[in-house]
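No value in this document is a laboratory result; all are computed from the given coordinates. Only a predicted model underlies this, so the values are computations on that prediction, with no experimental measurement involved. Cβ coordinates were reconstructed from backbone atoms using ideal geometry, including for glycine residues, and neighbour counts include every protein chain displayed.
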Amino acid sequence: MKKELEDKIFNEFPDMFKDRGNLHASLMAFGFECSDGWFDLIYNLCKDINDFYKGKIPEHFSVVQVKEKFGSLRFYISAAPEEVHNMINAVEEKSYSICEQCSKPGRYRDGLSWILTLCDKCLDEHIKTRYHRERKKDEDFISDWQKEHKAPFVKGS
């Protein structure tokens with residue numbers, strides 16, 4: 001994620017990231033380990049968590065790591081009640097359908113060497129950059145297994 005976007009979150013929600021300089025307590029010293037397309041998801045989640053705590057983040061609460069893993073957002077925290085975990089789960093689930101690069105509607109692409117959630121335009125750029133070629137019209141990089149099983153398993157699908 002771009003530094004200015006990271007700084008916006010760090011500056012607006014400092015109590016959530018209070019341990020980011022301590023590698024024994026948090027991996028946030030490495031920043032947000034995902035692309036800019038998920039900024040709104042992360043920012044809005046931080047806002048919702050802050051609202052849940054009415055702006056008074058408990059001392060025991062800290063964001064430990066935020067990253068992309070297996071094509072979706074992961075938002076790891078130290079400790080929180082079930083309501084906060086439910087907020088996090090909902091946002092992680094939503095990330096399966098939002099392009100990590102540009103925030104437009106995306107698809108879970110598990111047919112690449114790395115699982116990514118990308119829109120068609122960002123997939124085209126990824127193929128050009130990674131494989132130095134144009135994407136063929138019939139290539140969606142969604143595995144047959146995923147198509148057959150309607151995966152990833154997202155509520156409502």
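The criterion of at least 1 residues that are among the polar types (S, T, N, Q) is met by the following strands (runs of 3 or more DSSP E) wholly inside the stretch 60-110: 63-69, 72-77.
Per-residue answers, yes or no, for (1) within 15 Å of the chain's Cα centre (by Cα); (2) closer than 26 Å to Gly111 by Cβ:
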| site | (1), (2) |
| --- | --- |
| Leu23 | no, no |
| Met28 | yes, no |
| Phe52 | no, no |
| His60 | no, no |
| Lys67 | yes, yes |
| Leu73 | yes, yes |
| Tyr76 | yes, no |
| Ala79 | no, no |
| Asn86 | no, no |
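It is to be established whether one or more residues within the stretch 145-155 are farther than 30 Å from Arg20 by Cβ, outside any loop (DSSP other than H, G, I, E, B), without any contact (Cβ under 8 Å) to a residue 60 or more places away in the chain and among the acidic types (Asp, Glu). Yes, the stretch 145-155 contains a residue that is farther than 30 Å from Arg20 by Cβ, outside any loop (DSSP other than H, G, I, E, B), without any contact (Cβ under 8 Å) to a residue 60 or more places away in the chain and among the acidic types (Asp, Glu). For the stretch 66-116, which positions are hydroxyl-bearing (Ser, Thr, Tyr), touching a strand residue (DSSP E or B) at 6+ places or on another chain (Cβ under 7 Å) and closer than 26 Å to Asp140 by Cα? Ser72, Ser95, Tyr96, Ser97, Tyr108, listed by residue number. When the residues of the stretch 32-55 are filtered to those that are in contact (Cβ under 8 Å) with a residue 40 or more places away in the chain and among the charged types (D, E, K, R), the one that is surrounded by the most Cβ atoms within 10 Å (Cβ to Cβ) is Asp36. For Phe141, the conditions (1) at negative phi; (2) part of a loop (DSSP other than H, G, I, E, B); (3) not small (Gly, Ala, Ser) are fulfilled apart from (1). Checked against the criteria, Ile98 counts as surrounded by 12 or more Cβ atoms within 10 Å (Cβ to Cβ), in contact (Cβ under 8 Å) with a residue 60 or more places away in the chain and of a type in the set (Val, Ile, Thr).
Exactly one residue among Gly55, Gly37 is within 17 Å of Pro81 (Cα to Cα) and either in a loop (DSSP other than H, G, I, E, B) or in contact with a Ser or Thr (Cβ under 8 Å, 6 or more places away or on another chain) (or both), and that residue is Gly55. Figure legend. Inter-residue proximity from the stretch 118-134: first residues among the acidic types (Asp, Glu), second residues surrounded by 12 or more Cβ atoms within 10 Å (Cβ to Cβ), beta-carbon distance below 6 Å, spacing 6+ or different chains. Indicated pairs: Asp124/Arg135.
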